[in-house]
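Engineer: Take a look at this one; I'll ask things after.
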């Protein structure tokens, strides 16, 4: 992988690929966001004076920390969590139990277990204890989520996080000795509650910085890939479980601090403070602005706070805005309960018309970074030096689905200095063989080896890290990431797990694939041919020893597929990888392959040069005959 | 032994109601891949309809069919107004839509009827029992179990014998393939919502009979029971949903009997956690459905 390894780039740590883009701009962005958000809040307290306005704005700042905490997990991983408010409940109770003065505890919870009623602790250490306890819970939940194979939209994640929310709520409601139960709850003594906003400002700024830096870090980017397409991410060598668990812990840490502040500010705690209503509120805030970004999260908090406050004021007696209010003839709208109706309505309306929120994943720092960075198109790539010889082999592979034999003792061998084709009629088992080799299907029988290393039934991401990277018949790009980000994610994975820290030159790969002009477009907006080229470029950026291409020319015109011959050759040479390619297009196969295997009904029926295989009578019978006839008919 | 049998009958009675709710959740999941958190709102809405009818002097014999009709119509309206617009969106979007509807319906009742719990008379026979040997059986449980069996038999006939039933079963078995075959049509989805609404309505009759009241938040418990039971059964599986409902009913009764005093209040949380564990260690539920992704 020498050719595309860039030496002139500043060496950044593995966590942040590009210090300017991934650290400097996010910090600047955090300052902008913090200033705008806090400025808006303070402006309101100037315009509307009074203690209730002050309280509203403090609550808004704390909600913002909470929502950013949730965003770190939900936005980056795409895994939907109902449970973050459950983590909030754990942290909130831990904080209250430790921070409330013993005198107050003797009246509420004199019989608290483990002598907790006697504990005297300041709010800061209590927050730290709450954070620690909640993180322990998060580790357990994280392991559970990982085991269940949580991915974007998965039911398992919904259930597990919902279980956490309910379980914490029921424990809080019924463990009277510790929590004061459902009615009495816990209270701080008068004057012992949050007196200044300083800790809120500090926590809010820290949360914004953390969220922006995380989204730009390697871990954040790998999470984005898995969010967009879990299977493709695994095929690129990403292990989503690890990335998601890190996101979860970070997210829960922020949520814990927010929960502690919330309890400290309110000055009391009941189980319902951290249950369905607050879950709804924070989720609506998150999705209205846009869950995939910090800007969106903050915008959502501001919008929903404003809407709720307006609705509340108009719903209370005798209050008017622009002559509308309870005394007017619109009192069927402006009445008690309106804020909750608006929350439910906002959720439904946004999901129907704008599921990604007002600003989607638009982010201040990314915008600044694009505006103030000008990338030059890189020079032409050089071919990689010839790599050490390596063989990829699958032997005696049998796969049974129920009673159906998709593969029946098929064997194949590819060296990393050749391009090998795999042909065969529809249903012959070609994709199944690639699925077995990349760990997506467990074979009933048979083994896969890369050199000396056994790959049989290893997880997909481990196989990709060993050097087998594939593309998919039905394109699986990370569609809301840009073209460049798609390639970069693969390069990141390779730099961590394959090249010992050296990073491929992403720009050169993007340019080499002919996608330089499209580099900042979202992959989902590309036309079909460019999508195919991007998938190839992304696979090459993962620095594979072998590229497994599943129908790279499907749906392409003749000219396009001829150009594809060139692209595949160039990419393979630049990376120094062997290629195994499945295709139906015989011109493409004969144009590019050194050797060809032919599968029929799960068995290898022919091996040889393209000409030999084409001449083989068994192949003609199984495959070419059909294709030749079709060719004659169409010409 | 006597206590065990008594518990069994009690559990089956509860479980039958859950089974009907869960089947409704599973039918909708089958055609849309949507975990419907709004399912319990059918009972909120029909509860208020029942309350209004009682205020006008209706009897249970008239109110019972009314509940079913209101439930079906409400479900069709919800589908028309909201779910039809997010069809084909990501699961994330659909899930949050149903979550939003759940709150919206509750909030609308809160806003226009008020938070007060509205009570109505339970039927006179609800507390009656009869004895079989040493075992005392509630008339209510017996009626519930019989009606549930009849309803399930009719539902099974619809699912087995009609084109519509075939489409729904096909969709539940393999969502993508069924969609490719054109199952994802308006007619089938609306039919599924109607069926789901009818099942929720029949469950709702008994739910409301036993509760004897309705309030803006009364949808949450039936929703949880239905969703949990469907989850136990593996969501995509219709048979699984029924088994899941019965299992949940029995588990609740048994847990309540065996758990020590304070912990008894935790029943729902315990059941929820057990199901979460089931998902962690056996992601397909009790009845395993393969949801392999195609590559």
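The values are calculated or read from the model by the stated rules, or taken from the named source; none is laboratory data. All figures in this text were calculated on a predicted structure; none of them were measured in a lab. In this analysis, Cβ positions are derived from the backbone assuming ideal geometry, glycine residues included, and neighbour counts consider all displayed protein chains.
Engineer: Residue check: is residue A:246 surrounded by 24 or more Cβ atoms within 10 Å (Cβ to Cβ) and either in the same structural domain as residue A:297 (by TED's automatic domain parsing) or in contact with a strand residue (DSSP E or B) (Cβ under 9 Å, 6 or more places away or on another chain) (or both)? Steps first, answer last, please.
Structural biologist: Working: surrounded by 24 or more Cβ atoms within 10 Å (Cβ to Cβ): no; either in the same structural domain as residue A:297 (by TED's automatic domain parsing) or in contact with a strand residue (DSSP E or B) (Cβ under 9 Å, 6 or more places away or on another chain) (or both): yes.
No: the conditions fail for residue A:246.
Engineer: Let me ask something additional. Going through B:224, B:208, B:266 one at a time, which residue ends up being part of a helix (DSSP H, G or I), at pLDDT 80 or above and within 14 Å of another protein chain (Cβ to nearest Cβ)? Please lay out each step first, then the result.
Structural biologist: Values: B:208 fails: within 14 Å of another protein chain (Cβ to nearest Cβ); B:266 fails: at pLDDT 80 or above.
The conditions single out B:224.
Engineer: While we're here: Any idea which residue in the stretch A:69-111 is nearest to the chain's Cα centre (by Cα), counting only those that are surrounded by fewer than 20 Cβ atoms within 10 Å (Cβ to Cβ) and outside any helix (DSSP H, G or I)?
Structural biologist: The selected residue is A:101.
Engineer: Considering only residues that are outside any helix (DSSP H, G or I), farther than 29 Å from residue A:87 by Cβ and not assigned by TED's automatic domain parsing to the domain that holds residue A:287, which ones fall in the stretch A:14-67? Give the steps one after another, and end with the answer.
Structural biologist: As a first pass, look at the stretch A:14-67 and keep what is outside any helix (DSSP H, G or I): A:14-18, A:48-50.
Narrowing further to those that are farther than 29 Å from residue A:87 by Cβ: A:17-18, A:48-50.
Once the filter is applied, which keeps residues that are outside any helix (DSSP H, G or I), farther than 29 Å from residue A:87 by Cβ and not assigned by TED's automatic domain parsing to the domain that holds residue A:287, the stretch A:14-67 yields A:17, A:18.
Engineer: Name the one entry in A:592, A:582 that is buried (at least 17 other Cβ atoms within 10 Å of the Cβ), over 22 Å from residue A:450 (Cα atoms) and either touching a strand residue (DSSP E or B) at 6+ places or on another chain (Cβ under 8 Å) or at pLDDT 90 or above (or both). So that I can check it myself, show each step before the final result.
Structural biologist: On the way: A:582 fails: over 22 Å from residue A:450 (Cα atoms).
One residue alone meets the criteria, A:592.
Engineer: Taking residue B:96, is it surrounded by 20 or more Cβ atoms within 10 Å (Cβ to Cβ), assigned to a helix (DSSP H, G or I) and free of Cβ contacts under 8 Å to residues at least 40 places away in the same chain?
Structural biologist: Details: surrounded by 20 or more Cβ atoms within 10 Å (Cβ to Cβ): yes; assigned to a helix (DSSP H, G or I): yes; free of Cβ contacts under 8 Å to residues at least 40 places away in the same chain: yes.
The answer is yes for residue B:96.
Engineer: Restricting attention to the stretch A:570-578, does a residue exist that is modelled with pLDDT of 85 or more, assigned by TED's automatic domain parsing to the domain that holds residue A:512, touching a strand residue (DSSP E or B) at 6+ places or on another chain (Cβ under 7 Å) and surrounded by fewer than 22 Cβ atoms within 10 Å (Cβ to Cβ)?
Structural biologist: Checked against the condition, which is being modelled with pLDDT of 85 or more, assigned by TED's automatic domain parsing to the domain that holds residue A:512, touching a strand residue (DSSP E or B) at 6+ places or on another chain (Cβ under 7 Å) and surrounded by fewer than 22 Cβ atoms within 10 Å (Cβ to Cβ), the stretch A:570-578 yields no hits at all.
Engineer: Determine, yes or no, whether residue A:476 is within 12 Å of chain B (Cβ to nearest Cβ) and surrounded by 24 or more Cβ atoms within 10 Å (Cβ to Cβ). Even if it seems obvious, please write down each step before you answer.
Structural biologist: Details: within 12 Å of chain B (Cβ to nearest Cβ): yes; surrounded by 24 or more Cβ atoms within 10 Å (Cβ to Cβ): no.
It is false that residue A:476 is within 12 Å of chain B (Cβ to nearest Cβ) and surrounded by 24 or more Cβ atoms within 10 Å (Cβ to Cβ).
Engineer: If you take the residues in the stretch B:79-93 that are more than 7 Å from chain A (Cβ to nearest Cβ) and buried (at least 20 other Cβ atoms within 10 Å of the Cβ), which one is farthest from residue B:32 (Cα to Cα)? Break it down into steps so the answer makes sense when it comes.
Structural biologist: Filtering the stretch B:79-93 for residues more than 7 Å from chain A (Cβ to nearest Cβ) gives B:79-81, B:83-84, B:87-88.
Restricting the remaining residues to those that are buried (at least 20 other Cβ atoms within 10 Å of the Cβ) gives B:79, B:83.
Working: B:79: 11, B:83: 9 Å.
Looking at the filtered set, the residue picked out is B:79.
Engineer: Do you know which of the residues in the stretch B:99-113 that are at the interface with chain A (Cβ under 7 Å from one of its Cβ atoms), touching a residue at least 60 places away in the same chain (Cβ under 8 Å) and surrounded by 23 or more Cβ atoms within 10 Å (Cβ to Cβ) is farthest from residue A:336 (Cα to Cα)?
Structural biologist: Taking the candidates together, the pick is B:99.
Engineer: What is the one condition in (1) under 28 Å from residue B:189 (Cα atoms); (2) exposed (fewer than 14 other Cβ atoms within 10 Å of the Cβ) that residue B:151 does not satisfy?
Structural biologist: Single failed check for residue B:151: (2).
Engineer: If a residue has to be away from every other protein chain (no Cβ under 14 Å) and within 30 Å of the chain's Cα centre (by Cα) to count, how many in the stretch A:423-449 make the cut?
Structural biologist: Going through the stretch A:423-449 one residue at a time, the tally reaches 1.
Engineer: Condition test on residue A:428, is it in contact with a strand residue (DSSP E or B) (Cβ under 7 Å, 6 or more places away or on another chain) and part of a loop (DSSP other than H, G, I, E, B)? Outline the logic, then answer.
Structural biologist: Values: in contact with a strand residue (DSSP E or B) (Cβ under 7 Å, 6 or more places away or on another chain): yes; part of a loop (DSSP other than H, G, I, E, B): yes.
Against the criterion (in contact with a strand residue (DSSP E or B) (Cβ under 7 Å, 6 or more places away or on another chain) and part of a loop (DSSP other than H, G, I, E, B)), residue A:428 qualifies.
Engineer: What do you reckon, is residue A:529 under 19 Å from residue A:561 (Cβ atoms) and not in a helix (DSSP H, G or I)? Show your work before the answer.
Structural biologist: Values: under 19 Å from residue A:561 (Cβ atoms): yes; not in a helix (DSSP H, G or I): no.
Against the criterion (under 19 Å from residue A:561 (Cβ atoms) and not in a helix (DSSP H, G or I)), residue A:529 does not qualify.
Engineer: Okay, next question. Test of understanding: among A:204, A:162, A:212, which residue is more than 22 Å from residue A:118 (Cα to Cα), within 14 Å of another protein chain (Cβ to nearest Cβ) and surrounded by 20 or more Cβ atoms within 10 Å (Cβ to Cβ)? Even if it seems obvious, please write down each step before you answer.
Structural biologist: Details: A:204 fails: within 14 Å of another protein chain (Cβ to nearest Cβ); A:212 fails: within 14 Å of another protein chain (Cβ to nearest Cβ).
Sole residue among the options that is more than 22 Å from residue A:118 (Cα to Cα), within 14 Å of another protein chain (Cβ to nearest Cβ) and surrounded by 20 or more Cβ atoms within 10 Å (Cβ to Cβ): A:162.
Engineer: Given the conditions (1) farther than 14 Å from residue A:274 by Cα; (2) within 14 Å of chain B (Cβ to nearest Cβ); (3) touching a residue at least 40 places away in the same chain (Cβ under 8 Å), and given that residue A:167 satisfies all but one, which numbered condition is not satisfied?
Structural biologist: (1)
Engineer: Kindly check whether there is at least one residue in the stretch A:179-198 that is within 11 Å of chain B (Cβ to nearest Cβ) and modelled with pLDDT under 90. I'd like the intermediate steps shown before the answer.
Structural biologist: Here is the first cut: in the stretch A:179-198, the ones within 11 Å of chain B (Cβ to nearest Cβ) are A:181-182.
Those left that are additionally modelled with pLDDT under 90: A:181-182.
The answer is yes; a qualifying residue exists.
Engineer: Let me ask something else. So, restricting to helices (runs of 4 or more DSSP H) that lie completely within the stretch B:1-88, which ones have at least 3 residues that are modelled with pLDDT under 90?
Structural biologist: Details: elements: B:2-32, B:41-55, B:60-81.
Answer list for the stretch B:1-88: B:2-32.
Engineer: Being touching a residue at least 12 places away in the same chain (Cβ under 8 Å) and more than 22 Å from residue A:572 (Cα to Cα): is that true of residue A:444 here? Explain how you work it out, then say what you get.
Structural biologist: Numbers: touching a residue at least 12 places away in the same chain (Cβ under 8 Å): yes; more than 22 Å from residue A:572 (Cα to Cα): yes.
The answer is yes for residue A:444.
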